């Protein structure tokens with residue numbers, strides 16, 4: 001049975017329209033909203049038996065309730081939006097994890113236990129990194145980029161596991177072919193793929209050690225963008241990009257913790273440019 005082709009939709013960019021819609025639903029479904037509008041509409045009918053006056057009072061009550069609720073939610077909008085963002089990130093990550101777990105189960109069912117175990121380790125690292133990237137729904141330029149790269153790396157690793165499993169199926173025929181050159185070529189290709197997977201795991205493990213909640217101030221938080229899922233990239237490019245982001249995150253974290261840090265540092269300029277887009 002062939003392994004299911006993995007279509008791993010990246011978490012970012014988040015859909016800004018969906019964020020606004022979900023935030024609006026949270027406000028509308030809150031009991032306080034219903035009580036305010038319900039009270040404004042019903043109270044006039046309880047205090048007077050004059051129907052025209054009660055109807056007029058109900059309109060006035062609804063207007064007052066609308067103004068009051070608008071002011072109430074305005075002061076809580078940022079917190080609600082952060083909760084919605086955190087929820088959307090969690091949902092996206094859970095869906096990715098479900099798909100990766102399915103691939104792991106398929107490898108196990110085919111008897112490819114070594115690949116199932118290895119991909120399972122990638123999944124555990126992915127979960128560990130994502131758990132630490134966006135505390136309380138705070139999305140920074142670095143945390144967004146690292147999650148993009150982690151998503152891409154996991155999808156690329158799955159393709160590499162597919163490659164090596166297909167090479168394994170060819171090994172039996174090559175071994176009885178008597179063609180030593182074909183054997184050398186297959187071994188070389190297999191070694192190259194396995195080394196790429198090893199490098200990817202080491203980089204992902206390094207990111208788990210390096211990524212910390214370095215931005216507790218809420219600064220450097222860029223505008224949430226909409227857009228299409230990223231295009232497929234090869235594993236080597238993704239690994240190199242993730243290494244660069246890990247180093248960038250480490251330098252930014254160190255500078256944010258040093259009182260005499262230079263605000264004109266090139267790292268800060270990179271983030272300032274990113275936040276203005």
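Of the residues 150, 164, which single one is closer than 23 Å to residue 204 by Cβ, assigned to a helix (DSSP H, G or I) and modelled with pLDDT of 90 or more?
Just one listed residue meets the conditions, 164.
Just for the range 195-216: of the residues that are surrounded by fewer than 18 Cβ atoms within 10 Å (Cβ to Cβ) and outside any helix (DSSP H, G or I), which one is modelled with the highest pLDDT?
Result: 212.
Step by step: first the residues of the range 98-112, then only those that are surrounded by fewer than 16 Cβ atoms within 10 Å (Cβ to Cβ) and touching a helix residue (DSSP H, G or I) at 6+ places or on another chain (Cβ under 7 Å), then the one that is nearest to residue 164 (Cα to Cα). Which residue is that?
108
Taking residue 8 and the conditions (1) in contact (Cβ under 8 Å) with a residue 60 or more places away in the chain; (2) farther than 30 Å from residue 135 by Cα, which numbered condition does it fall short on, given that it satisfies the others?
Residue 8 satisfies all of (1) in contact (Cβ under 8 Å) with a residue 60 or more places away in the chain; (2) farther than 30 Å from residue 135 by Cα except (2).
Looking only at the range 21-56, how many residues end up being closer than 22 Å to residue 87 by Cβ, in a helix (DSSP H, G or I) and free of Cβ contacts under 8 Å to residues at least 12 places away in the same chain? Give the derivation first.
Step one: of the range 21-56, the residues closer than 22 Å to residue 87 by Cβ are 21-34.
Then drop every residue that is not in a helix (DSSP H, G or I), which leaves 21-29, 31-34.
Retained after the next criterion (residues that are free of Cβ contacts under 8 Å to residues at least 12 places away in the same chain): 21, 24-25, 28-29, 31, 34.
Residues that pass the stated criteria total 7.
How many residues are within 12 Å of residue 154 (Cβ to Cβ) and touching a residue at least 24 places away in the same chain (Cβ under 8 Å) when one looks only at the range 94-117?
5
Scan 94, 155, 117 and give me the residue that is assigned to a helix (DSSP H, G or I) and either buried (at least 16 other Cβ atoms within 10 Å of the Cβ) or modelled with pLDDT under 90 (or both). First the steps, then the outcome.
On the way: 94 fails: either buried (at least 16 other Cβ atoms within 10 Å of the Cβ) or modelled with pLDDT under 90 (or both); 117 fails: either buried (at least 16 other Cβ atoms within 10 Å of the Cβ) or modelled with pLDDT under 90 (or both).
Within the list 94, 155, 117, the selection yields 155.
Test residue 131 against the criterion of being within 12 Å of the chain's Cα centre (by Cα) and over 17 Å from residue 13 (Cα atoms), and give yes or no. Walk me through how you get there before you give the answer.
Values: within 12 Å of the chain's Cα centre (by Cα): yes; over 17 Å from residue 13 (Cα atoms): yes.
The answer is yes for residue 131.
The values are calculated or read from the model by the stated rules, or taken from the named source; none is laboratory data. Please read these numbers as outputs of a predicted model, since none were measured by experiment. Counting neighbours? That spans all protein chains shown, and the Cβs are built from the backbone with ideal geometry, glycine included.
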